[in-house]
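Student: Handing you a structure now.
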Amino acid sequence: MRLPVPSCSAHRPAPVSRQDRPGGSAGIPAGRRATWRRLLGAALLLLPAAACAPQAPSRPVAVAPGQAPLAALPVEPPRNRVGLLLPLSGGNRALGQAMLNASQLALFDQGDPGIELLPRDTGSTAAGAGEAARVALAEGAKAFAGPLTLGETAAAAGAARASGAPVLAYTSDASQAGRGVWVMGLTPGEQAERMLEAAAAAGARRVGLLAADDEFGRRLGAGLRARATALGLPAPLLQLHARLGDVAAAARELAEKAQPDGLDAVLLGHGGERARQAAAALVAALPMAPRFLGTALWAGDASLAQEPALAGAWFPGPDPQARAGFDSRYQAAFGEKPPRLAGVAYDAAALAARAVREPGGNPPLGQPMLGADGPILLAPNGLAQRGLAIFAVDPAGEPTLVEPAPIPGSPAS
């Protein structure tokens, strides 16, 4: 059975009973349940959230003369409200609808009728996000999932902080983290740290970065530096270039910096053709070919396998079984494959719903849980730490799994 899809103009999901929810109790493949119980111990699974229950009728019931009065209708208990700050109009409207779908799916997966979603349209603008947050607060929202971008998050956070409502934002900009805001998106720094950990475990010590001199590239560099220090490795060599500059020339400059010893591994902050150009230029300029590392930009990019230098290159991605389970449940409910960011919306809605049920109204911190993309842990500093699997580019076809997703906070992570 497909979930009823709410109207974007109403900005509120249709009430649905627990019997309508698809998929199963937690959406975790049967073969994985025992493994997760052992690894997570007593930690609760993500998504103890709820569907919007039908409203009981409120008008009086007439009783004919001489007829015994009807039994009083049961009083519906008050429900905790979660605001969804979504781009339901504007340039990101299609993504906003998919995120709304994913948020409903998160609630259906647990079926607690004590939670109500309040979807509100940000209009894909910062001003719209701030107004949507204020409206939702006035209607009783105690926590928020969303909004999407850095500017929207900053605008909504002010109103939310004033009321003490936590914000589980979809953005990947770590600058927004803290003071009641959790960044749910996959940050560049987190990707860089995971890739350096994997490369160092395989023996790499001299590591370089080739990326554009923009916010993404600078945050990759910061992540590499931080993790290299923690691992006792030499400082990484960073080569940041003009965003539209000659990537092959920048690769040759990085190789020159690395002489005479070369590099064991190089993180490329590019995707597609520019990643292929960079890899080819580095292989030609370095004394020995390094292990190439990528970012989540590489996921789903079959063109990378066209470059021989990138054969076997590593990149991070979601836990494949967890994501496949989410994709399957979403498609069964809504008739289409979800976009990548729908998984972030699923996790954010579930954790926001969890927050309104927790004493103090905050989401659970320091507890590893299973989300749409794999293991996730909310840290006190406002970042969502995700367990990222490692994949290798395979010229023969689909990427191959190199390392499974570790559990954040565990010794292996």
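The values are calculated or read from the model by the stated rules, or taken from the named source; none is laboratory data. Note that this is a predicted model, so its numbers are computed, not measured. A quick note on method: Cβ atoms are made from the backbone with ideal geometry, for glycine too, and the neighbour counts reach across all protein chains shown.
Student: Restricting the search to the stretch 142-156, which residues are among the hydroxyl-bearing types (Ser, Thr, Tyr) and assigned to a loop (DSSP other than H, G, I, E, B)?
Tutor: Matches in the stretch 142-156: 149 only.
Student: What are the residues in the stretch 323-352 that are more than 16 Å from the chain's Cα centre (by Cα) and in a helix (DSSP H, G or I), if any? Steps first, answer last, please.
Tutor: Going residue by residue through the stretch 323-352, those that are more than 16 Å from the chain's Cα centre (by Cα) are 328-329, 331-337.
Listed by number, the residues that qualify are 328, 329, 331, 332, 333, 334.
Residues are listed down the side, and each one gets a yes or a no for (1) assigned by TED's automatic domain parsing to the domain that holds residue 145; (2) crowded, with 24+ Cβ neighbours inside 10 Å; (3) touching a residue at least 40 places away in the same chain (Cβ under 8 Å); (4) in contact with a Pro (Cβ under 7 Å, 6 or more places away or on another chain):
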{"position": "325", "(1), (2), (3), (4)": "yes, no, yes, yes"}
{"position": "347", "(1), (2), (3), (4)": "yes, yes, yes, no"}
{"position": "350", "(1), (2), (3), (4)": "yes, yes, yes, no"}
{"position": "362", "(1), (2), (3), (4)": "yes, no, yes, yes"}
{"position": "370", "(1), (2), (3), (4)": "yes, yes, yes, no"}
{"position": "377", "(1), (2), (3), (4)": "yes, no, no, yes"}
{"position": "394", "(1), (2), (3), (4)": "no, no, yes, no"}
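Student: On to the next question. Can you find even one residue in the stretch 372-394 that is at pLDDT 95 or above and touching a Ser or Thr at 6+ places or on another chain (Cβ under 6 Å)?
Tutor: Restricting attention to the stretch 372-394, the residues satisfying the condition of being at pLDDT 95 or above are 372-394.
This time we only want the ones that are touching a Ser or Thr at 6+ places or on another chain (Cβ under 6 Å), so: 392, 394.
Yes - at least one qualifying residue is present in the stretch 372-394.
Student: Test of understanding: among 287, 320, which residue is surrounded by fewer than 24 Cβ atoms within 10 Å (Cβ to Cβ) and more than 21 Å from the chain's Cα centre (by Cα)?
Tutor: Going through 287, 320 in turn, the sole match is 287.
Student: Further, regarding this structure: Which one is surrounded by the most Cβ atoms within 10 Å (Cβ to Cβ) among residues in the stretch 124-141 that are in a loop (DSSP other than H, G, I, E, B) and touching a helix residue (DSSP H, G or I) at 6+ places or on another chain (Cβ under 8 Å)?
Tutor: Taking the candidates together, the pick is 124.
Student: For the structure I just gave you, tell me whether residue 105 is assigned to a helix (DSSP H, G or I) and either in contact (Cβ under 8 Å) with a residue 60 or more places away in the chain or aromatic (Phe, Trp, Tyr) (or both). Break it down stepwise before answering.
Tutor: On the way: assigned to a helix (DSSP H, G or I): yes; either in contact (Cβ under 8 Å) with a residue 60 or more places away in the chain or aromatic (Phe, Trp, Tyr) (or both): yes.
Yes, satisfied.
Student: Right, next: Can you report the number of residues in the stretch 312-329 which are in contact with a Leu (Cβ under 9 Å, 6 or more places away or on another chain) and more than 24 Å from residue 187 (Cβ to Cβ)?
Tutor: 1
Student: For the subset of the stretch 257-284 comprising residues that are basic (Lys, Arg) and free of Cβ contacts under 8 Å to residues at least 40 places away in the same chain, which member is surrounded by the fewest Cβ atoms within 10 Å (Cβ to Cβ)?
Tutor: 274
Student: Residues 332, 289: which one is outside the structural domain of residue 210 (by TED's automatic domain parsing), modelled with pLDDT of 95 or more, among the aliphatic types (A, V, I, L, M) and more than 22 Å from residue 404 (Cβ to Cβ)? Before you say what the answer is, go through the steps one by one.
Tutor: On the way: 289 fails: outside the structural domain of residue 210 (by TED's automatic domain parsing).
On inspection, the qualifying residue turns out to be 332.
Student: Checking residue 357 against (1) out of contact with any Pro (no Cβ under 7 Å at 6 or more places or on another chain); (2) buried (at least 24 other Cβ atoms within 10 Å of the Cβ), which single condition isn't satisfied?
Tutor: Only one criterion in (1) out of contact with any Pro (no Cβ under 7 Å at 6 or more places or on another chain); (2) buried (at least 24 other Cβ atoms within 10 Å of the Cβ) is unmet by residue 357, namely (2).
Student: Is it the case, given these coordinates, that residue 149 is touching a Leu at 6+ places or on another chain (Cβ under 7 Å), surrounded by 19 or more Cβ atoms within 10 Å (Cβ to Cβ), touching a residue at least 12 places away in the same chain (Cβ under 8 Å) and among the polar types (S, T, N, Q)?
Tutor: no
Student: Taking the stretch 135-180 on its own, how many of its residues are among the β-branched types (Val, Ile, Thr) and over 22 Å from residue 116 (Cβ atoms)?
Tutor: 3
Student: Which one of 165, 159 is assigned to a helix (DSSP H, G or I) and either surrounded by fewer than 24 Cβ atoms within 10 Å (Cβ to Cβ) or within 21 Å of the chain's Cα centre (by Cα) (or both)?
Tutor: 159
Student: OK, next. Any residue that is more than 20 Å from residue 198 (Cβ to Cβ) and surrounded by fewer than 23 Cβ atoms within 10 Å (Cβ to Cβ) - is there at least one of those in the stretch 219-236?
Tutor: For the stretch 219-236, residues more than 20 Å from residue 198 (Cβ to Cβ) and surrounded by fewer than 23 Cβ atoms within 10 Å (Cβ to Cβ): absent.
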